[in-house]
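Read the structure below first, then the notes.
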Amino acid sequence: MADTTTGPVTAAAPVTREPATTKPVWRSHGRTRRSTRTVRVRTSAALVAVVALAVLVVPLLAPLDQQAVDLARKLQPPSLAHPFGTDDVGRDLLLRCVYGLRVSLLVGLVAALVATVIGTAVGAAAAAFGGWTDRIVMRLVDTFSSVPHLLLGIFIVAMFRPGVWPVIVSVALTHWLSTARIVRSEVLSLRARPYIDAAISGGASRRRVIRRHLLPGVMPQAGLAAVLMVPHAMWHESALSFLGLGLPSHQASLGNLVQTARGSLLAGDWWPTLFPGLFLIVPTLALAGLAGAWRERINPRRRSELML
Amino acid sequence: MSRGLPWGAMGRMAGRRLLFAAPVLLVVTFGVFAVAAASPFDPVKAYAGTAGLTASQENLDQLRANLGVDQPLVHRWWNWLTHALGGDLGDSSVLRAPVSAVIGERIGWSALLAITAFAVAVLLGTSLGVLAARKPGGLLDRCAGSAAYILEAAPAFWLGLLAIWFFAVTLGVLPAGGLTDAASDTVTFGQVASHLVLPAAVLGISQLPWFFLYVRQGVTDALAEDPVRGARARGLSERTVLLGHALRSGMLPMLTLIGSRVPELITGALLVETVFSWPGIAAATVQAATSVDFALLAALTVLATAAVLIGNLLSDLLYGLADPRVGFDG
């Protein structure tokens, strides 16, 4: 069955059915390719650091009056005083974006964490118990992968009324499926190795084998999936918020900012729409760049596959 | 393909898949009902609306019994399912029409948008992919590659809004949304075409990165294979080698996997149809969710799942056709 778990962000990595058997034949690009890769990783790391610093430090330093409603300076285009301009009630957009990113990032982190824990537990259990448990669990994973993630998220949020927790739950519930698959196949490949046999014949209990030998082995893969999931979860939160099904409007996430900006956009004011979107794209690319480098380290075989 | 298609094997595979699809749809419908039952959503209050605030408990209980809400979950699910198989999906409270009528009215517009968008993505993605693969590491390759990653990270609703700002507000050359102009009440070809341009372009461009990256990878790999080297050795022109040999084998996997892109297409349509007020089923889904219209939302969720399953089947059939080694055993 074709992979249906790929969502908007991870979707760029096509699932190759057979490993590429041929190596690239062009010769002279080895050096340049490596150096662009290093540049990309360093840029990504720097951007992640800037984003982390911004969402942690700016709220402590920022002058509060920039958050106050001031209709006298509403919808000012970008200037030196307000690099991103002001929104429809005169608040500084740069500050609003930083706060929005903070909210979106927090929701994304929590959702990715929850999804990773669920996915790791289910995937490891399915692989470790095997047999019918494995078959039924993986069938269920396949079944729920057949519902498009955003649609399932919309359904859950609609039934439980929009709010922070329904959004986190709906994002987490739609994202653990791929982690479960990754962890399961990783556990299965680890279980075939001699040191697991050695542990079992040495008298280790199933519980000990799972906790002591299998879980530490799958941690890199699960961690990688978690990092890749954060931008994905942020994307979902923004989409839900934009559709009016996400966070309440006083918790201005990036999606809420874009939603609010729709009114002024039709009057020709582009900046309240443009900047929150950029604030979503930059961390996504930075995290994907870092995760790509990490993947190449722990799984060099996949180098030919596409990043992101 | 002069041998003719292996209809028998394909039919058996399709039959087997349908057999597997039935339990999947059953579980999904049950899941939909289970989520609704676990949620604070109350069909009686939703049905009664503001009248429910003043109604007596007796009336509410009567309504509860009429709607069948006092039945256990499994019973309600089974009831819905048997009605659904007979074509009765219930009534939509937000659009004030039977759900099946809403779907029938809107699905054509959604299909039009989706097919146009796919055509845009396939054509643009393939041509850019071939151009980029011709010189790996060249200027075009690097620019298009970076643009693809940025586009992949950009949310479709944001792209749609920027497109509205640029083409509808600033330049004023294309309409900002809807199916026809507000003043006209008849649907003409020219009206629909001009209103289709922006949503289809945005949806297509949001799908573009996957197609582009896939073709670029496929053609780059194909250029390193023996048939291409053989073609070059025979002295064929670069154009023939690129389009006749490398593109053919490099594009095939992408074309066959189109079916597996249905989930992403639905995700994109949910956002793009809403941004452009396109009267399709994805926009109806969002409306149904906003006003907690369970009947419509449940039917559309199941419909989307069925579309995904059909897409997967199509993809596997095409893949088996394109690569006989894979076959139709899946």
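The values are calculated or read from the model by the stated rules, or taken from the named source; none is laboratory data. The shown structure was predicted, so the numbers you read here are calculated from the model rather than taken from an experiment. No Cβ is skipped: glycine too gets one built from the backbone with ideal geometry, and neighbour counts run over all protein chains shown. Please note that ligands, DNA and RNA were not included when accessible areas were found on the heavy atoms of the full protein model with its side chains. Shrake-Rupley method; radii C 1.70, N 1.55, O 1.52, S 1.80 Å.
Table for the structure above
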| read-out | value |
| --- | --- |
| Residues satisfying the stated conditions in the stretch B:70-96, i.e. surrounded by 15 or more Cβ atoms within 10 Å (Cβ to Cβ) and under 20 Å from B:Ala46 (Cα atoms) | B:Arg76, B:Trp77, B:Trp80, B:Leu89, B:Gly90, B:Asp91, B:Ser92, B:Ser93, B:Val94, B:Leu95 |
| Helices (runs of 4 or more DSSP H) completely within the stretch B:89-202 that count 3 or more residues being farther than 30 Å from B:Leu255 by Cα | B:99-134 |
| Inter-residue pairs, beta-carbon under 9 Å, first surrounded by fewer than 15 Cβ atoms within 10 Å (Cβ to Cβ) and in the stretch A:117-139, second hydrophobic (A, V, I, L, M, F, W, C), 6+ apart | A:Phe129/A:Val137; A:Gly130/A:Leu188; A:Thr133/A:Ala125; A:Thr133/A:Ala126; A:Arg135/A:Ala126; A:Ile136/A:Ala126; A:Arg139/B:Val24; A:Arg139/B:Val27 |
| Condition broken by A:Ile298, with the remaining ones in (1) within 12 Å of chain B (Cβ to nearest Cβ); (2) hydrophobic (A, V, I, L, M, F, W, C); (3) loosely packed, with under 15 Cβ neighbours inside 10 Å satisfied | (1) |
| When residues of the stretch B:141-181 are limited to those that are exposed (fewer than 13 other Cβ atoms within 10 Å of the Cβ) and either within 14 Å of another protein chain (Cβ to nearest Cβ) or touching a Leu at 6+ places or on another chain (Cβ under 9 Å) (or both), the one farthest from B:Ser110 (Cα to Cα) | B:Cys143 |
| Failed item in (1) at pLDDT below 85; (2) within 21 Å of A:Ile156 (Cβ to Cβ), with B:Phe33 passing the rest | (1) |
| The listed residue being open to solvent by 20 Å² or more (accessible area, probe 1.4 Å), in a helix (DSSP H, G or I) and more than 9 Å from chain A (Cβ to nearest Cβ), out of B:Leu296, B:Leu303 | B:Leu303 |
| Total residues in the stretch A:235-264, condition out of contact with any Asp or Glu (no Cβ under 9 Å at 6 or more places or on another chain) and either more than 9 Å from every other protein chain (Cβ to nearest Cβ) or buried (at least 22 other Cβ atoms within 10 Å of the Cβ) (or both) | 18 |
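Residue-by-condition table, conditions (1) closer than 30 Å to B:Asp293 by Cβ; (2) not in a helix (DSSP H, G or I):
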position: A:Leu80; (1), (2): no, yes
position: A:Leu94; (1), (2): no, no
position: A:Cys97; (1), (2): no, no
position: A:Arg139; (1), (2): no, no
position: A:Met159; (1), (2): yes, no
position: A:Leu188; (1), (2): no, no
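Okay, residues lined up against (1) under 20 Å from B:Ile150 (Cβ atoms); (2) modelled with pLDDT of 60 or more; (3) of a type outside the set (S, T, N, Q):
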{"site": "A:Thr16", "(1), (2), (3)": "no, no, no"}
{"site": "A:Pro19", "(1), (2), (3)": "no, no, yes"}
{"site": "A:Lys23", "(1), (2), (3)": "no, no, yes"}
{"site": "A:Val51", "(1), (2), (3)": "yes, yes, yes"}
{"site": "A:Val55", "(1), (2), (3)": "no, yes, yes"}
{"site": "A:Pro63", "(1), (2), (3)": "no, yes, yes"}
{"site": "A:Asp70", "(1), (2), (3)": "no, yes, yes"}
{"site": "A:His82", "(1), (2), (3)": "no, yes, yes"}
{"site": "A:Thr86", "(1), (2), (3)": "no, yes, no"}
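The rows are residues; the columns are (1) closer than 22 Å to B:Leu309 by Cα; (2) within 10 Å of another protein chain (Cβ to nearest Cβ); (3) at pLDDT 90 or above.
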{"site": "A:Pro148", "(1), (2), (3)": "yes, yes, yes"}
{"site": "A:Leu151", "(1), (2), (3)": "yes, yes, yes"}
{"site": "A:Val157", "(1), (2), (3)": "no, yes, yes"}
{"site": "A:Arg161", "(1), (2), (3)": "no, yes, no"}
{"site": "A:Ile168", "(1), (2), (3)": "no, no, yes"}
{"site": "A:Thr174", "(1), (2), (3)": "yes, no, no"}
{"site": "A:Leu177", "(1), (2), (3)": "yes, no, yes"}
{"site": "A:Arg184", "(1), (2), (3)": "no, no, yes"}
